[in-house]
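These notes concern the structure reproduced below.
The numbers here are math on the coordinates, done by the rules we state, and not lab data. A quick note: this is a predicted structure, and the numbers were derived from the prediction, not measured. As a convention, Cβ positions derive from the backbone with ideal geometry for all residues, glycine included, and neighbour counts pool all protein chains shown.
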Number of protein chains: 2
Amino acid sequence: MLKRAPSLTEQAKSHIKQLILADEFADGRIPPETTLATDLGVSRTTIRDALSRLEHEGVIYRKQGAGTFVNRPGLQIKSRLDEIWSYEGVLRAHGYMPSTRILDVSTVSADEETAVSLNITPGDDLLVVKKLFLADTEPVILAHNHIPLCQIAAPYEESDLLLPVYAFLSEYGRQQLSYYVSDIIPITASPELVTTLHIPAQTPLLSLSEIGYSDDHQPILKSTSCFRDDLLRLRLIRRSVQ
Amino acid sequence: MLKRAPSLTEQAKSHIKQLILADEFADGRIPPETTLATDLGVSRTTIRDALSRLEHEGVIYRKQGAGTFVNRPGLQIKSRLDEIWSYEGVLRAHGYMPSTRILDVSTVSADEETAVSLNITPGDDLLVVKKLFLADTEPVILAHNHIPLCQIAAPYEESDLLLPVYAFLSEYGRQQLSYYVSDIIPITASPELVTTLHIPAQTPLLSLSEIGYSDDHQPILKSTSCFRDDLLRLRLIRRSVQ
DNA sequence: TAGTGGTCTAGACCACAAA
DNA sequence: TTGTGGTCTAGACCACTAG
């Protein structure tokens, strides 16, 4: 029998997910919705909501008339580009020991282009943080975050910048980060990237150029990241929409 | 008042989407769920399902206590990488006049690696189709599709290969294409790509290396595509999961 | 405080898959 | 035929926003 807080759906979801990860359903078959509902003491609707979310995450799949099943291939995907939220988390999921190094922190005036994309006035102050992420001891990701100073609500220590940017904003920012719109751009390593990421000149790299938005769809963050493809393969599930 | 078939939810969804695209809600505010429900003669649950799908597509957003709103920035994204389904469609959305050219069709034996990824026996026959997609008259995408011959159920004409591969499989294949798992890889243009895509040597390119799965999660297709980044910028919405 | 979306229930019927 | 997931209803209460 479940209690409230957070939501019953959310609890049911993590409960079922745990059972899956603990390999309780060795045959890959998940009990019928009505069984789950009576077992957990909630309505079938709640169970269906929970299963829908798990299906969307790629953890399970459903076949009408047949049943609900564990999606083993889906469980093996460690870095779904559309869900990455903390680089340290991704690296850990890949089996590396992640660490973060702050290379530079500065305050600059927004140029025209940045001002437009962040919906601020050119010349407004931006906090620019340059961070390097390492897998074990190898550099993998170089990230530049641009945060308008007006988005920062509380004083912070330099060490707080080691937090994932969404966590930093949630702690010290004026608005929470809700989602990114990201452009995926192939680039050739610049001299700076060659030295920072320890890669040969001319290595093709993947760059993610993104704007982060708040719950009410205001742009609050600009971020650019470059990935070493050999250590971190980015993966994606593509589905047809309607 | 809506009728059945397809589903009421699906009808409600496209109805609301049409109203949005026709700019019926000039202030960006969508009527309350209860109003929509009585207007369309369905239950609030059905409306909520429809709105959830639209929210997931990025067409609207909801704020508890405040209302439901049109997400104008979301409407402007023309090529969401996680939803791309036909290259011609993407190019058309970008305002180009798309066309497809078949460069080569052949049958080859599956090598070890391909056999493993497609869950077939090495040596099994594969249909290999090399297609070039043009925007107006400029080449933009070079795609290689590998389809096991055993997946093809009905005879086809060469011209049928011009169809998007999901449409081809739906028409002539044994199983429908349900989703892709795609690796995003930065590459440097090979000599073949330089000539085919009319680009300078050493241009960084984006390559999508994907396995297509059927409804019951069997791999049925291998595909590799290279994109010209200058004509087709790939974009993605990244959300936090749970 | 009024109105909105968020959660949840209990129950009905349908469509499809497998035995 | 049986059992599964898919759709839909009507109604309740809660959480939040805004005037």
Inverse of mean 1/r across different Cα pairs in segment B:8-76, Kirkwood, Å = 11.8
If we count trypsin sites (Lys or Arg not before Pro) as exposed when they sit in a DSSP loop and have at most 11 other beta carbons within 10 Å, what is the longest stretch of chain B that avoids them all?
-> B:5-242
When the helices in the protein assembly as shown are scored as -39500 (n - 2.57) per DSSP H run of 4 or longer and the sum is shared across all residues, what 222 nm value do you end up with, to the nearest 500 deg cm²/dmol?
-> -8000 deg cm²/dmol
Hey, got the dipole for chain A? About the Cα centre, +1 on K and R Cβ, -1 on D and E Cβ, debye to the nearest 20?
-> 1240
For segment B:124-185 the GluC sites (Glu not before Pro) that pass both the DSSP coil test and the at-most-10 other-Cβ-within-10 Å test are B:Glu157
Cα-based Rg of chain A normalised by 2.2 N^0.38 Å, two decimals | 1.20
Total lysine pairs under 30 Å (Cα atoms) in chain B, excluding pairs fewer than 8 apart on one chain | 13
Could you pull out the chymotrypsin sites (Phe, Trp or Tyr not before Pro) across segment A:21-86 that fall in loop regions by DSSP (anything but H, G, I, E, B) with no more than 16 other Cβ atoms inside 10 Å?
-> A:Phe25
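About the Cα centre of segment B:139-237, what is the dipole size in debye to 20, counting +1 per Lys and Arg Cβ and -1 per Asp and Glu Cβ, all else neutral?
In total the dipole reaches around 280 debye.
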Can you give me the pair-distance distribution of the protein assembly as shown, C-alpha pairs, 10 Å bins, whole percents?
-> 4, 16, 26, 29, 19, 7, 0
How many nanometers, to one decimal and shortest first, lie between the label point of A:Ala22 and those of its other copies, if labels sit 7 Å from Cα toward Cβ?
-> 5.3
Rank A:Val42, A:Val165, A:Val59 by mean-square fluctuation in a GNM of chain A with C-alpha springs under 10 angstrom and give only the top-ranked residue.
-> A:Val42
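For segment B:102-205, which chymotrypsin sites (Phe, Trp or Tyr not before Pro) are in a loop by DSSP, counting at most 16 other Cβ atoms within 10 Å?
Answer in residue order: B:Tyr156.
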Gaussian network model of chain B, springs between alpha carbon atoms under 10 Å - residue of B:Pro148, B:Pro122, B:Pro98 with greatest fluctuation | B:Pro122
Using a cut-off of 14 Å between beta-carbons, work out the net charge of the residues near B:Tyr172 (Lys and Arg +1, Asp and Glu -1, B:Tyr172 not included).
-> -3
